[in-house]
Amino acid sequence: MISFTAKYIKISSGYLGQLIEWPEVVTEGRDIEDCRSMLRDALKEMMLAYKQLGKEIPVGNALIEQLPVEDENVGQTA
């Protein structure tokens, strides 16, 4: 089993979903659950296409971390 990391962005028509490790796998859904389902289907189809073409499937299991930074001092010289 491989795990991929999904990123969801709220858009006017619902949600856009994209895989971090495989940015070509991208889709939209009317709500987060729909988008998640569509993204899973898109991933399965992309994996099947890559296997048929003999292409290497990108490695999953990424670690995502938020790095907080104070923006008030960004761009100021010391």
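We did not get these values from a lab; they are worked out from the coordinates using the rules stated. Because the structure is a prediction, the values reported are computed rather than measured. Here the Cβ is made from the backbone with ideal geometry for all residues, glycine too, and neighbour counts use every protein chain on show.
If the cut-off is a Cα-Cα distance under 18 Å, which lysines reach Lys44, setting aside same-chain residues fewer than 8 apart in sequence? Cross-link targets: Lys7, Lys55.
Charges were assigned to the Cβ only: +1 to each Lys and Arg, -1 to each Asp and Glu. The resulting dipole of region 6-61 about its Cα centre is roughly 60 debye. With θ taken as phi - 60° and the Karplus curve 6.51 cos²θ - 1.76 cosθ + 1.60 applied, the whole-hertz 3J(HN,Hα) list for region 13-20 is 8, x, 9, 9, x, 8, 8, 5 Hz, x standing for glycine and proline.
Roughly what angle does helix 32-53 make with the longest principal axis of the chain, taking Cα atoms, 0 to 90 degrees, to the nearest 10? It works out to around 60 degrees.
Restricted to Cα atoms, region 6-61 shows a radius of gyration and a Dmax of 11.8, 37 angstrom. Between Glu24 and Ser12, the modelled label-to-label distance comes to 3.0 nm, taking each label 7 Å out from Cα in the direction of the beta carbon.
For Thr5, the residues 5 or more places off, or on other chains, whose built amide H falls under 5 Å of its own are Ile20, Glu21, Asn61, Ala62.
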